[in-house]
Structures are given as C-alpha cells and as structure tokens.
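> Let me give you the structure first, and then I'll get to my questions.
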Amino acid sequence: MPSLYATLADTLRAEITAGALPPGTQLPSEHELVDAHHVSRNTVRKALGQLVHDGLVISRQGSGYFVREHQPVIWHASRPERNIQMGMLPADAWSHCVREQGRKPEEIIHIEQYVPNARIAQALLLGPGEEVLVRKRERYVDGVLSTLADSYYPYSLVKDSPIMEPYDVQPGVYAILASRGAGFTRNRDEIITRMPSRDEAARLKLGPGTPIAEHLRVSFTPNNRPVRLLLSILPGDKVTIAYESFAA
C-alpha cells in the first residue's frame, strides 16, 4: 500500500499531466493542501519534494511551488548535416532546425587539441598518441544554454583547415572534409539516458530530477573510415530528439 505522501504526489502528478495544473501555475500552499487532503504538513512537504525530484515542479524561495515550464526544441537528428543557409549565421543544420521553430540559435565554440581518452580513440580508430581536434560548442536557444555538443576529428585530417578555427565553418565541415577525400555518408548513433554529472547540471542549470540524453554519433566515409565523433549532451527538459526512417 503506497504511503500517504506518495498518494498525494500521485494525485498532484495526475492533475499536472491532465492539464488541470498547467505549466507556470502555482500549486496550492502547504496549508491548503493539508486542509484539502487531510494529511500532515510533513506529508505535504514530502509529496512536494517528490514532485521536485521528478522534475515536475520547482520551488521558489518565499513564493511556493510552481508547475515547471519548458518549451523543448525539437532536434531532427536524422536530417542531413549541411550548411544550407549561408547568409545567416550560424548556418549548420542544428541552427536551421531551431529557426524553423521560430526560435533563435546561437553558438559559442572553443577549440582544443589533445590525445583523447580510449573511448574516443577507439571510435575514431586512432593509434597510440594520435591527437584529435575538438570543437566544443555551447548551443543556445533564445539565449538559454540548451545543448553541449563536442565534435572530435583526427588532427591529421583537419590540420590547417578552417575546422581549426573557433567560429561557424564556411561552407561547412562536411564540405571541407569532402574536399580532403573524407566526406561522410553515414552515421552510427548511440543514445544513453542518464542523470547529469554535477558539472553538467551546473552548466545547463538543470533542476533536480532532470535527466539528460548522451548522444554519440560517429560519421563514416563510403569506405567505412570514421572521420568525426559528435558527443552531445541533451537535457530532457530542453530538447526532444526526433528521427525519421523508411518503413521496411
């Protein structure tokens, strides 16, 4: 038999899910919940704490509890990765996808060069001591940090190319790799859902109980050479991942 606080949490959760308590709505006060459900204040506090942990409500100091508001952006992950809006920066496929939804994309890019860990090295088939060039991107939607997206390339492949510069690459990473005989034609994706690390939660300003999707994409040339590894951290309350596929 569920505890009193779990029963109350389930009742409030059902109201939120049904839309009776829409996003942004302030929940009844602790005193009101005590009177309405004939439970103790401790039971109410435990139930509200459970909803905070589940990511359904947020607590505002001095104001009470509110149904969490979020407008996740949809990332169409199966679309071709091409720069298709050259006159508007950033011009990558992700930014174009964000603009399609009436939102504003921005990116901050940092460049690093180092010997990667075993996971990255194995995925890119690098030998001992081989370095990668990493384009570390913070992707913003409407001014809010939405996604962390790091692209790893064999350093020997992208050396002395625009990919080494910390800005939006023109005419696009794919075009530059293709000019070097390394244009990719397929991707292998892996998606892991997990709770964020303390650093990830702090950078992305994630509330308690908010999971992330760790999306790893390795891109291959027609002869199965891996030329890029994209590792993205996608908060569950900010991004919806969408794929399209052909029916068999």
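> Can you name every residue in segment 4-56 that is part of a helix (DSSP H, G or I), in contact with a helix residue (DSSP H, G or I) (Cβ under 6 Å, 6 or more places away or on another chain) and over 23 Å from MET195 (Cβ atoms)?
Selection gives LEU4, LEU8, GLU30, LEU33, VAL34, HIS37, ARG41, THR43, VAL44.
> Output the residue which, of all residues in segment 152-165 that are crowded, with 16+ Cβ neighbours inside 10 Å and in contact (Cβ under 8 Å) with a residue 40 or more places away in the chain, is farthest from the chain's Cα centre (by Cα). Can you show your working first?
Taking segment 152-165 as the starting set, the residues that turn out to be crowded, with 16+ Cβ neighbours inside 10 Å are 152-155, 157-158, 161, 163.
In the following step, the residues that additionally are in contact (Cβ under 8 Å) with a residue 40 or more places away in the chain were identified as 152-155, 157.
Working: TYR152: 17, TYR153: 21, PRO154: 24, TYR155: 26, LEU157: 28 Å.
So the residue we want is LEU157.
> Somewhere in segment 182-193, is a residue farther than 30 Å from VAL67 by Cα and of a type in the set (Gly, Ala, Ser)?
Residues of segment 182-193 farther than 30 Å from VAL67 by Cα: 182-190.
Subsequent filtering for residues that are of a type in the set (Gly, Ala, Ser) retains 182-183.
Within segment 182-193, one or more residues are farther than 30 Å from VAL67 by Cα and of a type in the set (Gly, Ala, Ser).
> Only residues in segment 102-126 that are among the polar types (S, T, N, Q) count as the first member; pair them with residues that are modelled with pLDDT of 95 or more, Cβ under 8 angstrom, at least 6 apart or cross-chain, and list the lot.
GLN113/GLU131; GLN113/VAL132; GLN113/LEU133; GLN113/VAL134; GLN113/TYR155
> Mind listing whichever residues of segment 183-214 are in contact with a Phe, Trp or Tyr (Cβ under 9 Å, 6 or more places away or on another chain) and farther than 24 Å from LEU89 by Cα?
Within segment 183-214, THR185, ARG186, ASN187, ARG188, ASP189 meet the criteria.
> Listed residues ALA93, ALA149, ALA118; which is modelled with pLDDT of 95 or more and buried (at least 18 other Cβ atoms within 10 Å of the Cβ)? Steps first, answer last, please.
Working: ALA93 fails: modelled with pLDDT of 95 or more; ALA118 fails: buried (at least 18 other Cβ atoms within 10 Å of the Cβ).
Going through ALA93, ALA149, ALA118 in turn, just one is modelled with pLDDT of 95 or more and buried (at least 18 other Cβ atoms within 10 Å of the Cβ): ALA149.
> Okay, next question. Looking at (1) in a loop (DSSP other than H, G, I, E, B); (2) out of contact with any helix residue (DSSP H, G or I) (no Cβ under 9 Å at 6 or more places or on another chain), find the lone condition where ASP150 falls short.
(1)
> Could I ask something else about it? Got a sec? Which strands (runs of 3 or more DSSP E) wholly within segment 158-248 have at least 3 residues that are of a type in the set (Val, Ile, Thr) and on the phi < 0 side of the Ramachandran plot? Working first, answer last.
Values: elements: 186-194, 212-220, 226-235, 239-242.
Per the criteria, 186-194, 239-242.
> Looking at this structure, is SER59 free of Cβ contacts under 8 Å to residues at least 60 places away in the same chain and in contact with a strand residue (DSSP E or B) (Cβ under 6 Å, 6 or more places away or on another chain)?
yes
> Can you tell me which of (1) touching a Leu at 6+ places or on another chain (Cβ under 7 Å); (2) surrounded by 13 or more Cβ atoms within 10 Å (Cβ to Cβ) is the one GLU190 doesn't meet?
(2)
The values are calculated or read from the model by the stated rules, or taken from the named source; none is laboratory data. Just so you know, these numbers come straight off a predicted model, no measurement behind them. Please note: Cβ atoms are built from the backbone with ideal geometry, for glycine as well, and neighbour counts cover all protein chains shown.
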